[in-house]
């Protein structure tokens, strides 16, 4: 189970169910519960929420180029950082070539990632 804070639950829900494709499970006064491929994700309302500068949630994917392309086609914009060498899709490859990561933000500005 994981928790992601949001300043606006009504803005966060369609993002998670839309481009991210998470499945709605339930909602009460404390959270909107989604199924993130077998992991329970609780969108938790937090008035005045300030997003973290570091990723709060990430997904391991089998083929990062395909995943980034699909999310970009769904309207998600991937982050570009001056301190990382990223390809044209925004994918960073570790110096040894073993890991690839792409970063994007949710509507609250929380940093999210994909990793292969």
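Some notes on this structure:
- Estimated FRET transfer efficiency when R0 is 35 angstrom, pair residue 42-residue 96 (beta carbons, to 0.05): 0.50
- Rg to Rh quotient for segment 2-115, alpha carbon positions, Kirkwood Rh: 0.98
- Between residue 88 and residue 59, the FRET efficiency from the beta-carbon distance, with R0 = 22 Å, is close to 0.55.
- Computed on segment 2-115, with alpha-carbon pairs under 8 angstrom and 6+ residues apart, the relative contact order is 27 percent.
Laboratory data are not the source of any read-out in this text; all were calculated from the coordinates shown. If you're wondering where the values come from, they're calculated on a predicted model, not measured in any experiment. A quick note on method: Cβ atoms are made from the backbone with ideal geometry, for glycine too, and the neighbour counts reach across all protein chains shown.
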